[in-house]
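Below: the structure, in structure tokens.
The values are calculated or read from the model by the stated rules, or taken from the named source; none is laboratory data. Bear in mind the structure is a predicted one, so any value in this text is a computation, not a measurement. With ideal geometry, Cβ positions are generated from the backbone for all residues, glycine too; neighbour counts draw on all protein chains shown. For the accessible areas, the whole protein counts, side chains as well, though only heavy atoms, and no ligand, DNA or RNA atoms are used. Shrake-Rupley method; radii C 1.70, N 1.55, O 1.52, S 1.80 Å.
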Amino acid sequence: MSTGGSHRWVVLSPLSLFLLAVLSVLPLWVQDEYLLQLLISSLLLGSQAMAFDFTAGFINVINFGFSAFVGAGAYTSALLVLHWGISPWLGPLGGAVASAALGFFSGVLTLRLQGIYAAVMTWFVGLTLLSLTASLSGLTRGYRGLNVPLFLETAARRPYFYIIFGVTFLTFVSLRWTGSSRVGLAFRAIGQNLESARASGVNPTKYRVINFTLSCAFAGLLGGFYAHFLGILTPDVMHSRQTVEVLALAYIGGRGSLWGGLVAAFIFVPLFEYLKPLMELRLVIYGVLLILVMIWCPGGLAAIYTQLKQQVRWPFMQR
Amino acid sequence: MILELQGISKRFGGLVALKDISLNLDEGQILGLIGPNGAGKTTLLNVISGSLRPDNGYIRYQGKEISKLSSDRRCQKGISRTFQISRPFSKMTVLENVMVAAIFGDRSQKQEPPRDRALSALRFVQFSIDENTLAENLNTVQLKRLDLARALASNPSLLLLDEIAAGLTPLELADLVGVIRHTRERGVTIIVVEHLMRMILRLCDKIVVLHYGEKIAEGTPEEICQDKRVADAYLGENYLL
């Protein structure tokens, strides 16, 4: 399934393997529960940013309803566990399937439209899902919040870190692999020039729907893990401000890079946590950062890294 | 007959871009499409390639009606095109650009891997730059060549070239004419939209002249040169034949 250069089939670069390895052994030293919690939050938001970027950075459609698909996965997983008694370990899979189905149908409806209209429609889908969740209070308990069974009996954070780390790793590798496959080539072609993609025989609607469905499936999966990690759900998980935060991380990280959003999450999630007074202004700051990134460095952190890589010859990397 | 247009009309609001155009094209021919700016040449290419739907008329390709097919389906069926202004996938490498068409545009032959077919298309158009260069780093002339390679990589039966010679030096032009002739020798039927009369006259078996969306003449290069209406409408004193 490789597309181009001689080593495209290698999904992970040595550097990303190294960083992932460092991350995986970090909890062996980090004893502080609070710090672990921060790492988990970064992983959760970062992997959402990757799933978001899979659509925004590849097919150039911005899913403004992204968090609603995360939320749909979270609620589906929670309700499956609560009402059907299935294991919390399987719940997120149900969440992924539900969000993928939702993504597929809204994709079929909206993705025939050109860029901005598709984006607006995804936003409406998101708003609809949010109000549905809030108003179906017999099922979801609405804003009173739904108590969700946790994965584990323990309150210790370290096991949860490894669960979420595993999901992040799975998300990263799957998206990366798909992105560098033939299908991924079609995604990028559509995102970079719709007219040329058509003239090259790529069916835009088909591949957009495939991409959107996949992205929503991962949103749902991550939502499920979020639910059984946090233990409580309110319709707020579906709010557009969650989407904006994910969008900001993905864009600051670098559109189309996938990993950029994860790196950005590890910078900004802890940063805001330590600058508690700024927490309220979070979206304002993200907004300003987004504008700055757009003006000065549209490629985000990923572009900065590429430039560095061209200038410095790292001993363990060969270009 | 590989392509048959019957009564094609297209209007944009009040502007009649194409008016009742009919034309036939035999397999292996090179057809030149000429006319002043705004005559409807690119519009006609867009109608044939499927990026525009005509208001009236039908298009028959290899004996089948294709008016309802999308441009990606038409590409898969063997109609491919280049663009007047190149539209590369700018964040992809040269090779990846061509591979998109080799993978998705060519549904016929599967024995040779797409990567090899893309590379041979690049070789065929004598693309001299490293194929791992990002398309955004190419200049206009290189982009035109890339666009041609992309169009060829989908293994077309009918190739539409929209002002591919614009901005080329005489030497590059001679190369290009060679490439187009070679393409025809492979059995590809070609429609060339071009302003350069010298090239059109040298290359084409048949010429169609458009003027304000109407077909005012059709014939061999010799016939076109002697046509009074063509001279009046289009060639004028600026064009020395």
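The table below lists the values:
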{"quantity": "Accessible area of the range B:1-156 belonging to carbon and sulfur atoms, whole % at 1.4 Å probe", "calculated": "46 percent"}
{"quantity": "Environment charge of A:Pro204, counting only residues whose C-beta is closer than 13 Å and scoring Lys/Arg +1, Asp/Glu -1", "calculated": "+4"}
{"quantity": "Fraction of accessible area attributable to carbon and sulfur, the range A:1-135 (%, probe 1.4 Å)", "calculated": "76 percent"}
{"quantity": "The protein assembly as shown, accessible area per residue, ligands and nucleic acids excluded (1.4 Å, Å²)", "calculated": "44 Å²"}
{"quantity": "DSSP beta bridges in the protein assembly as shown [antiparallel fraction, %, rounded to 5]", "calculated": "60 percent"}
{"quantity": "Longest segment of chain B lacking GluC sites (Glu not before Pro) that sit in a DSSP loop with at most 16 other Cβ atoms within 10 Å", "calculated": "B:28-236"}
{"quantity": "Under 14 Å, Cβ to Cβ, from A:Gly231 - net charge with Lys/Arg +1 and Asp/Glu -1", "calculated": "+1"}
{"quantity": "Buried accessible area, chains B and A (both chains, 1.4 Å probe, Å² to nearest 100)", "calculated": "2000 Å²"}
{"quantity": "Globularity ratio of the protein assembly as shown, using Cα Rg and 2.2 N^0.38 Å", "calculated": "1.14"}
{"quantity": "Residue-level accessible surface for A:Arg176, protein heavy atoms, 1.4 Å, Å²", "calculated": "70 Å²"}
{"quantity": "Kirkwood Rh, Cα atoms: Rg over Rh of the range A:30-311", "calculated": "0.96"}
{"quantity": "Restricting the range B:139-202 to trypsin sites (Lys or Arg not before Pro) in coil, as DSSP defines it, with at most 15 other Cβ within 10 Å", "calculated": "B:Arg186"}
{"quantity": "Relative contact order computed over the range A:30-311 (Cα-Cα under 8 Å; 6+ residues apart), in percent", "calculated": "35 percent"}
{"quantity": "Local electrostatic count at A:Phe161 - Lys and Arg +1, Asp and Glu -1, tallied over other residues with Cβ under 14 Å", "calculated": "0"}
{"quantity": "Eligible lysines near B:Lys91 by straight Cα distance, threshold 23 Å, same-chain separation 8 or greater", "calculated": "A:Lys206, A:Lys309, B:Lys144"}
{"quantity": "Nearby lysines by direct alpha-carbon distance to B:Lys215 (threshold 26 angstrom, same-chain neighbours under 8 apart not counted)", "calculated": "B:Lys10, B:Lys19, B:Lys41, B:Lys64, B:Lys68, B:Lys206, B:Lys228"}
{"quantity": "Sulfur and carbon atoms: percent of accessible area, the range A:161-319 [1.4 Å]", "calculated": "66 percent"}
{"quantity": "Average beta carbon contacts from partner chains per residue of B:77-87, 10 Å cutoff", "calculated": "2"}
{"quantity": "Trypsin sites (Lys or Arg not before Pro) restricted to the range B:1-95 and DSSP loop, no more than 12 other C-beta within 10 Å", "calculated": "B:Lys68"}
{"quantity": "Whole-Hz couplings from phi, Karplus 6.51/-1.76/1.60, listed for the range A:277-283; x for Gly and Pro", "calculated": "x, 7, 3, 5, 8, 3, 5"}
